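Q: Please read through the structure below; I'll follow up with questions.
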Amino acid sequence: MIALGIEGTAHTLGIGIVTENKVLANVFDTLKTEKGGIHPKEATEHHAKLLKPLLRKALEEAGVSMEDIDVIAFSQGPGLGPALRVVATAARALAIKYNKPIVGVNHCIAHVEITKMFGIKDPVGLYVSGGNTQVLALEGKRYRVFGETLDIGIGNALDVFARELGLGFPGGPKIEKLALKGEKYIELPYAVKGMDLSFSGLLTEAIRKYKSGKYRVEDLAYSFQETAFAALVEVTERALAHTEKEEVVLVGGVAANNRLREMLKIMAEDRGVKFFVPPYDLCRDNGAMIAYTGLEMYKAGIKFKLEETIVKQKFRTDEVEIIW
Ligand code: KG4
């Protein structure tokens, strides 16, 4: 079977075409803003403008036509309302025009589900992106969030810190590069609160220390990463201990970070669990993960009536019953 997936929860519009075990196409375009913040209106215009050309490109890359598609999936939430509505409207229009079934997919779940295309069965997922930071895993028939950020996403924290250092956007890769030259650990507020995370205190203190002029920026970048990532690894490890699962996956845009990968890998090896990171284009916001999850849902008998395709800005991870 072949599924088409449209992703558009934030600043990336992505269209993917997949079968059960292969990505046939996965194309994107990310709205670039100087400061890295997301502007709903700009994201909406961006998605609306690029939908048609990206769809054409995806079909061409996959070597299929709309008639070959078995199901149309779209990111139903969580995300920016206006951006979500562009995507849902496009998915509905395609479903009506080509008389295809349609399913709405939870964005956070799709980030983890795509790892199953690579033989992962039942993982704990650490999902880290600009706006989201969650540790999630299946418990019973639902994905449960074991820990999440109480304020900003880790990617956003890195982006803001980089901006303060005058490094531009996206900040994550720039902080990573700078951190490689760090020599000394500088104490910063630890980000774990119970099972949850909080990065705003860490960010404020790192900026304050930078402005004091008393510290090397390389040491600050290094310490920022060490402190934030240790917190992420700690919460992930506790979720692994609680669930007794044997796989851990790292997904989301920040999964590109080699230091975070290394720290998680060490923890996984210590515990004797498998560690996996998908190829980067399937880690970041992308249409293939939506298509793949939509295909699994459809095969399990899920099909949305048009009135059920309404977007959910605050779509919770544990709202979806996982029957596939
Ligand atoms: O939010 P996201 O999944 O959106 C995209 O689809 O692009 O990923 C973007 C986030 C940004 O916050 C960016 O700074 C971060 O991922 N990021 C990184 C790295 N590469 C991207 N963070 C840390 N280290 C990296 N190498």
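Values in this text are rule-based calculations from the coordinates and carry no lab data. Please read these numbers as outputs of a predicted model, since none were measured by experiment. Cβ placement follows ideal geometry from the backbone for every residue including glycine, while neighbour counts extend to all protein chains displayed.
Q: Can you compute the helix-only [θ] at 222 nm over the chain? Use -39500 (n - 2.57) per DSSP H run of at least 4 residues, normalise by all residues, nearest 500 deg cm²/dmol.
A: Helix contribution divided over all residues of the chain: -14000 deg cm²/dmol.
Q: If you don't mind, another one. Just the C-alpha atoms of the range 76-205: what Rg/Rh do they give, with Rh taken as the Kirkwood radius?
A: Expressed as Rg/Rh, it is 1.06.
Q: Please say if the range 1-132 is rounded, prolate or oblate, where rounded means a/c under 1.5 for a ≥ b ≥ c the square roots of the C-alpha gyration tensor eigenvalues, and otherwise the choice is prolate for a/b larger than b/c and oblate otherwise?
A: Here the range 1-132 falls in the oblate category.
Q: Using Cα pairs closer than 8 Å and at least 6 residues apart in sequence, work out the relative contact order for the chain, in percent.
A: RCO, the chain: 27 percent.
Q: Something else about it: For the charge dipole of the range 218-324, defined by +1 on Lys and Arg C-beta atoms and -1 on Asp and Glu C-beta atoms about the Cα centroid, which residue among Gly294, Val233, Met263 has the Cα displaced farthest towards the positive pole?
A: Going by the charge dipole, the pick is Gly294.
Q: To make sure I understand, if each residue's beta carbon is the centre and we count other beta carbons within 10 Å, what order do Tyr127, Tyr185 fall in, fewest to most?
A: Tyr185, Tyr127
Q: Top mean-square fluctuation among Leu306, Leu232, Leu260, Gaussian network model of the chain, C-alpha springs under 10 Å?
A: Leu306
Q: So, one more: Through the Karplus equation 6.51 cos²θ - 1.76 cosθ + 1.60, θ set to phi - 60°, convert the phi angles of the range 308-316 into ³J(HN,Hα) values in whole Hz; use x for Gly and Pro.
A: So the J values, rounded to whole Hz, are 8, 8, 4, 6, 10, 4, 10, 3, 7.
Q: Oh, and also: For a distance above 18 Å, tell me the whole-number percent of Cα pairs in the range 245-324 that qualify.
A: Across the range 245-324, Cα pairs with separations above 18 Å total 59 percent.
Q: Also, I was wondering about something else. Compactness ratio of the chain: Cα Rg over 2.2 N^0.38 Å, N = residue count?
A: Normalised Cα radius of gyration, the chain: 0.99.
Q: Let me ask something else about it. How do Ser65, Ser223 rank when sorted from fewest to most other Cβ atoms within 10 Å of their own Cβ?
A: Ser65, Ser223
Q: While we're on this one: Please tell me which of these pairs span more than 27 angstrom C-alpha to C-alpha: Lys97/Lys121; Lys116/Lys174; Lys177/Lys265; Lys97/Lys314; Lys141/Lys312; Lys245/Lys303?
A: Those over the limit are Lys97/Lys121; Lys116/Lys174; Lys97/Lys314; Lys245/Lys303.
Q: If the only charges are +1 at each Lys and Arg Cβ and -1 at each Asp and Glu Cβ, what is the size of the charge dipole of the range 1-117 around the Cα centre, to the nearest 20 debye?
A: In total the dipole reaches around 300 debye.
Q: Can you compute the modelled spin-label distance between Arg271 and Thr89, with each label point 7 Å from Cα toward Cβ, in nm?
A: Simple spin-label model gives 4.4 nm for this pair.
Q: Let me know the shape class of the range 127-170, please: from the alpha-carbon gyration tensor, a ≥ b ≥ c as square roots of the eigenvalues, rounded when a/c is under 1.5, otherwise prolate if a/b is greater than b/c, or oblate.
A: prolate
Q: Hey, another quick one. Going by C-beta contacts inside 10 Å, put Val277, Val135 in order with the fewest on the left.
A: Exposure proxy ranking, most exposed first: Val277, Val135.
Q: In nm, to one decimal, how far is the Thr19 label point from the Glu319 one, both placed 7 Å along Cα→Cβ?
A: With each label point 7 Å from Cα toward Cβ, the separation is 3.4 nm.
Q: Suppose every K and R has +1 on its Cβ and every D and E has -1 on its Cβ; what is the size of the dipole of the chain about the Cα centre, in Debye to the nearest 20?
A: Its charge dipole is roughly 660 debye.
Q: A further question follows. What residue among Phe275, Gly201, His242 has its Cα farthest toward the positive end of the dipole of the range 182-296, where the charges are +1 on Lys, Arg and -1 on Asp, Glu, each on the Cβ?
A: Farthest along the dipole direction, towards plus: Gly201.
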